[in-house]
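The values are calculated or read from the model by the stated rules, or taken from the named source; none is laboratory data. Predicted model only: the values in this text are computed from it and were never measured. Please note: Cβ atoms are built from the backbone with ideal geometry, for glycine as well, and neighbour counts cover all protein chains shown.
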Amino acid sequence: MTQTTFTPRVFSGIKPSGGLTLGNYLGAIKRFVGMQGQMETIYCVVDMHAITVWQDPKELANMTREVAAGYLAAGLDPAQSILFNQSQVPAHAELAWIFNCVARVGWMNRMTQFKDKAGSNAEKVSLGLYAYPALMAADILLYHATHVPVGEDQKQHVELTRDIAAKFNHDFAADFFPLTTPVIEGPAMRIMNLRDGTKKMSKSGVSDMERINMTDDATTIAKKFKKAKTDPEPMPETIDGLATRPEARNLVEIYAALNDMTAEAVIAEYAGAGWGRFKPALADLAVEKLSPISLEMARLMDDPAEIDRILGQGAQKARGIAEPILRQTYDIVGLLRS
Ligand code: AQP
């Protein structure tokens, strides 16, 4: 079946499961800002995803505001992008149920993020954590989004979203949902943990030294980079020299992403340099780029009512797009509406 041409539209989100990290900024928010103005953009704080693991209710509301403050401080403009939190648009949960009935258990069993998060405790984790990718598919397809900027860790979930859309379209003989493209590009596809270059930098990692938080001050950022794990070798002469050095590669990629340059260009500038030279330069760059954002986040967080107002207004706009698509989905499936 040839696909209908859908109007280009971006959807993406971040879950408020902790404070924002440099991984969230470089892998997601910075790129969200880059896509603003190029096509219609919808950015969500996905609070219903956050509760797939335990969240303190008071903290959750606060973290939801903090992610929204991060969006705004980094340059997302509510006049240009729709900004809202997921739970204010119940159609996400409603479409997710339909997708729970489209997706196959075998597909879910292949999701590596579930395996990583559940680990050996798979019997004890919530059913929501297992079904998370169906809710993510609903988030995206509820807006007929054609493009989803994500870090590499989310690629498999966007592929599952395409599988769900294709199966729905096939089962109901309706060319209704787009096959969404994951947008994964640039040097910051996967920012790694500062203490172990084989693990992703995460909000919920055990030690604070593993990650740079968007709210860290200059001294903390410098300390974390200084203590970041590296190896005794100096910076190689070519990029190939980083292939077996995950921690070194990570620091080079962070520098490249922060400074909008390629990893090759960083190597060209620092070939032969020791960590004593590179790490302070990296810390200075990170402070230069992050401190205006963290200052603005703190200012915004002083006025939570204003953040709530922006999210409420965004939710109203989001419902305006989502509800007709949900109604059409119900009609296609044959769910009676009186
Ligand atoms: N380390 C990372 N490198 C590049 N991109 C990243 N993203 C997250 N970590 C990195 C991208 O940020 C977006 C939002 O992610 P999320 O918060 O919704 O989910 P996550 O990937 O599970 O994030 P965390 O920080 O690892 O959260 P916890 O610890 O709570 O599970 C996505 O586009 C993601 O790719």
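Condition (residue is assigned to a loop (DSSP other than H, G, I, E, B) and buried (at least 16 other Cβ atoms within 10 Å of the Cβ)) applied to region 134-142: is it met by at least one residue? The answer is yes; a qualifying residue exists. Residues in region 55-75: is at least one closer than 28 Å to residue 327 by Cα and aliphatic (A, V, I, L, M)? Among the residues of region 55-75, not one is closer than 28 Å to residue 327 by Cα and aliphatic (A, V, I, L, M), which makes the answer no.
In the condition set (1) crowded, with 18+ Cβ neighbours inside 10 Å; (2) over 21 Å from the mean Cα position of the chain (by Cα); (3) acidic (Asp, Glu); (4) closer than 20 Å to residue 29 by Cα, residue 288 is compliant with all but (1). Here region 295-338 is the region considered, the condition is being in the same structural domain as residue 73 (by TED's automatic domain parsing) and among the polar types (S, T, N, Q), and the residue that is surrounded by the most Cβ atoms within 10 Å (Cβ to Cβ) is 329.
Conditions (1) within 30 Å of residue 199 (Cβ to Cβ); (2) loosely packed, with under 12 Cβ neighbours inside 10 Å; (3) without any contact (Cβ under 8 Å) to a residue 40 or more places away in the chain, marked per residue:
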| site | (1), (2), (3) |
| --- | --- |
| 228 | yes, no, no |
| 232 | yes, yes, yes |
| 259 | yes, no, yes |
| 265 | yes, no, yes |
| 272 | yes, yes, yes |
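Strands (runs of 3 or more DSSP E) fully within region 1-95 that include at least 2 residues being within 13 Å of the ligand (Cβ to nearest atom) and within 15 Å of the chain's Cα centre (by Cα): 9-14, 40-45.
Once region 184-210 is narrowed to residues that are near the ligand (Cβ under 10 Å from one of its atoms) and among the β-branched types (Val, Ile, Thr), the residue that is modelled with the lowest pLDDT is 184. If I filter region 164-173 for residues that are at pLDDT 95 or above and in a loop (DSSP other than H, G, I, E, B), do I get at least one hit? Yes, there is a match, as at least one residue in region 164-173 is at pLDDT 95 or above and in a loop (DSSP other than H, G, I, E, B).
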